[in-house]
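**Q** Quick one: this structure, given as structure tokens, is what I'll be asking you about.
The values are calculated or read from the model by the stated rules, or taken from the named source; none is laboratory data. Note that this is a predicted model, so its numbers are computed, not measured. Cβ: placed from backbone, ideal geometry, glycine included. Neighbour counts: every protein chain shown. What goes into the accessible areas is simple: the full protein's heavy atoms, side chains included, and nothing from ligands, DNA or RNA. Shrake-Rupley method; radii C 1.70, N 1.55, O 1.52, S 1.80 Å.
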Amino acid sequence: MTEPLLVDRTDAVTTLTLNRPAAMNALDVALKEALRDTLAELESDRSCRAVVLAGAGASFCAGQDLREHVNTLQAGVGNPLDTVRAHYNPIAARLASLPKPVVAAVRGMAAGAGASLAFLADIRIGGPSTSFLMAFAKVGLAADTGASWTLPRLVGHAKAVELLMLAEPVRAEEACRLGLLNRMVDDDESVLPTAQELAARLAAGPTVAYGAIKRQLSVADAGTLADALAAEAQAQTICGGTADHRAATLAFVDKQKPVFEGR
């Protein structure tokens, strides 16, 4: 049986590939469970210092597997949207709080929950065929997988309303302009290698500091200045006690290039 999620570990970079290319990597239960559980394992895996999220084939992810969802609806047993609490919420929470950088290699279409997954990454790389579609309203649903939280922070409240309600595709160049993509490469074949190269660069950096930056930005997004200042003080206390901080400070004084070990 083909694994729904491929896990490749190259040095300190772990690449997670959604592996249902014939279904545009649509998220069925097996794939959602594999992604949720793998992210939980990576959270405490100190050998992993950066994560790449990608899709097999020509698409990133088409979102929820609607064929499977129709079967659940027709079965008439339980709540067919329990998957939000059981799968999508834990996945979103793990991606957003993962204490290491996450780079999304968004090749081709990212729709619905697939787009939401990409928005939870710290950095998104796309190519000419990249497009985003907030497809939820097309099937009579509201946003999930954190999109109601990430999308306004990326594009602003008014644009988020437009993207979610009108459910019109956003092509690569417009996605770059809006901030849905951080970088765009000239060739679709270069999307994944570029994302992995960037992840390798981040994996060689101060991992603890990166995790602290993610936490303090999350606090600042939703809190007051006082909340942000408190989060900064806590972050600097943690980072200031790391071997990376001490070594990098000494290297700066000695006019040497620092070597970070992620601790």
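**Q** Could you tell me which of the residues 136, 119 is more than 20 Å from residue 29 (Cβ to Cβ) and not small (Gly, Ala, Ser)?
**A** Numbers: 136 fails: more than 20 Å from residue 29 (Cβ to Cβ).
Among 136, 119, only 119 is more than 20 Å from residue 29 (Cβ to Cβ) and not small (Gly, Ala, Ser).
**Q** Does segment 183-193 include one or more residues that are open to solvent by less than 10 Å² (accessible area, probe 1.4 Å), of a type outside the set (Ser, Thr, Tyr) and modelled with pLDDT of 95 or more?
**A** Start the filter on segment 183-193 by keeping residues that are open to solvent by less than 10 Å² (accessible area, probe 1.4 Å), which leaves 191.
Narrowing further to those that are of a type outside the set (Ser, Thr, Tyr): 191.
This time we only want the ones that are modelled with pLDDT of 95 or more, so: 191.
Yes, there is a match, as at least one residue in segment 183-193 is open to solvent by less than 10 Å² (accessible area, probe 1.4 Å), of a type outside the set (Ser, Thr, Tyr) and modelled with pLDDT of 95 or more.
**Q** Does at least one position in segment 112-127 carry a residue that is over 21 Å from residue 199 (Cβ atoms) and touching a Pro at 6+ places or on another chain (Cβ under 9 Å)? Write out each step before concluding.
**A** So in segment 112-127, the residues over 21 Å from residue 199 (Cβ atoms) come out as 112-113.
The next check asks that each one be touching a Pro at 6+ places or on another chain (Cβ under 9 Å); those that pass are none.
No; the residues of segment 112-127 include none that is over 21 Å from residue 199 (Cβ atoms) and touching a Pro at 6+ places or on another chain (Cβ under 9 Å).
**Q** If you go through segment 165-181 one residue at a time, do you hit one that is open to solvent by 60 Å² or more (accessible area, probe 1.4 Å), modelled with pLDDT of 95 or more and of a type in the set (Gly, Ala, Ser)? It would help to see each step written out before you state the result.
**A** Initially, segment 165-181 is screened for residues open to solvent by 60 Å² or more (accessible area, probe 1.4 Å), giving 165-166, 168-169, 171, 173-174, 177.
When the remaining residues are screened for being modelled with pLDDT of 95 or more, the result is 165-166, 168-169, 171, 173-174, 177.
Then drop every residue that is not of a type in the set (Gly, Ala, Ser), which leaves none.
Looking for residues that are open to solvent by 60 Å² or more (accessible area, probe 1.4 Å), modelled with pLDDT of 95 or more and of a type in the set (Gly, Ala, Ser), one finds none in segment 165-181, hence no.
**Q** Which of the residues belonging to segment 125-157 are aliphatic (A, V, I, L, M), at pLDDT 95 or above and assigned to a helix (DSSP H, G or I)?
**A** Residues satisfying the conditions are 135, 137, 147, 151, 154, 155.
**Q** Taking residue 206 as the residue in question, decide whether it is over 19 Å from residue 47 (Cα atoms), modelled with pLDDT of 95 or more and within 22 Å of the chain's Cα centre (by Cα).
**A** Working: over 19 Å from residue 47 (Cα atoms): no; modelled with pLDDT of 95 or more: yes; within 22 Å of the chain's Cα centre (by Cα): yes.
No; evaluated as a whole, the condition is false for this residue.
**Q** Sticking with this one: Inside segment 171-252, counting only helices (runs of 4 or more DSSP H) that do not spill past its ends, which hold 3 or more residues that are closer than 24 Å to residue 114 by Cβ? It would help to see each step written out before you state the result.
**A** Working: elements: 172-178, 191-203, 207-222, 225-240.
Qualifying helices (runs of 4 or more DSSP H): 172-178, 191-203, 207-222.
**Q** Identify the single condition in (1) open to solvent by 30 Å² or more (accessible area, probe 1.4 Å); (2) among the hydrophobic types (A, V, I, L, M, F, W, C); (3) part of a helix (DSSP H, G or I) that residue 160 does not satisfy, given that it satisfies every other one.
**A** That leaves (1) as the condition not met.
**Q** Still on this model: So which of 201, 263, 246, 215 ends up being of a type outside the set (Ser, Thr, Tyr), touching a Lys or Arg at 6+ places or on another chain (Cβ under 8 Å) and at negative phi? Quick ask: steps written out before the conclusion?
**A** Numbers: 201 fails: touching a Lys or Arg at 6+ places or on another chain (Cβ under 8 Å); 246 fails: touching a Lys or Arg at 6+ places or on another chain (Cβ under 8 Å); 215 fails: touching a Lys or Arg at 6+ places or on another chain (Cβ under 8 Å).
Just one listed residue meets the conditions, 263.
**Q** While we're on this one: Look at segment 132-157 and say how many of its residues are small (Gly, Ala, Ser), open to solvent by less than 30 Å² (accessible area, probe 1.4 Å) and over 16 Å from the mean Cα position of the chain (by Cα).
**A** Going residue by residue through segment 132-157, those that are small (Gly, Ala, Ser) are 135, 137, 140, 142-143, 146-148, 156.
So of that shortlist, the ones also open to solvent by less than 30 Å² (accessible area, probe 1.4 Å) come out as 135, 146-147, 156.
Among the residues that remain, those that are also over 16 Å from the mean Cα position of the chain (by Cα) are: 135, 156.
Going through segment 132-157 one residue at a time, the tally reaches 2.
**Q** What residue, of 42, 31, 18, is hydrophobic (A, V, I, L, M, F, W, C) and within 17 Å of residue 203 (Cα to Cα)? Reasoning before the result, please.
**A** Numbers: 31 fails: within 17 Å of residue 203 (Cα to Cα); 18 fails: within 17 Å of residue 203 (Cα to Cα).
Residue meeting the stated conditions: 42.
**Q** Continuing with the same structure: Please indicate, with yes or no, whether at least one residue in segment 196-218 is polar (S, T, N, Q), touching a residue at least 60 places away in the same chain (Cβ under 8 Å), farther than 19 Å from residue 97 by Cα and open to solvent by 30 Å² or more (accessible area, probe 1.4 Å). If you could, list the steps in order and put the result at the bottom.
**A** Step one: filter segment 196-218 for residues polar (S, T, N, Q), giving 196, 207, 216, 218.
Within this subset, residues satisfying the condition of being touching a residue at least 60 places away in the same chain (Cβ under 8 Å) are 196, 207, 218.
Filter again for farther than 19 Å from residue 97 by Cα, leaving 196.
Checking which are open to solvent by 30 Å² or more (accessible area, probe 1.4 Å) leaves us with 196.
Yes, there is a match, as at least one residue in segment 196-218 is polar (S, T, N, Q), touching a residue at least 60 places away in the same chain (Cβ under 8 Å), farther than 19 Å from residue 97 by Cα and open to solvent by 30 Å² or more (accessible area, probe 1.4 Å).
**Q** Considering each of 54, 58, 50 in turn, give the residue that is more than 10 Å from the chain's Cα centre (by Cα), of a type in the set (A, V, I, L, M) and buried (at least 24 other Cβ atoms within 10 Å of the Cβ). It would help to see each step written out before you state the result.
**A** Values: 54 fails: more than 10 Å from the chain's Cα centre (by Cα); 58 fails: buried (at least 24 other Cβ atoms within 10 Å of the Cβ).
Exactly one of 54, 58, 50 is more than 10 Å from the chain's Cα centre (by Cα), of a type in the set (A, V, I, L, M) and buried (at least 24 other Cβ atoms within 10 Å of the Cβ), namely 50.
**Q** Within segment 37-53, can one find any residue that is among the charged types (D, E, K, R), over 18 Å from residue 192 (Cα atoms) and in contact with a helix residue (DSSP H, G or I) (Cβ under 6 Å, 6 or more places away or on another chain)?
**A** Looking only at segment 37-53, we keep the residues that are among the charged types (D, E, K, R), and these are 37, 41, 43, 45-46, 49.
Now restrict to residues that are over 18 Å from residue 192 (Cα atoms): 37, 41, 43, 45-46.
Now drop any that are not in contact with a helix residue (DSSP H, G or I) (Cβ under 6 Å, 6 or more places away or on another chain), which leaves none.
Scanning segment 37-53 turns up no residue that is among the charged types (D, E, K, R), over 18 Å from residue 192 (Cα atoms) and in contact with a helix residue (DSSP H, G or I) (Cβ under 6 Å, 6 or more places away or on another chain).
**Q** While we're on this one: Quick one: residue 67 ticks every box in (1) open to solvent by 40 Å² or more (accessible area, probe 1.4 Å); (2) in contact (Cβ under 8 Å) with a residue 60 or more places away in the chain; (3) basic (Lys, Arg) bar one, so which box is it?
**A** Exception for residue 67: condition (2).
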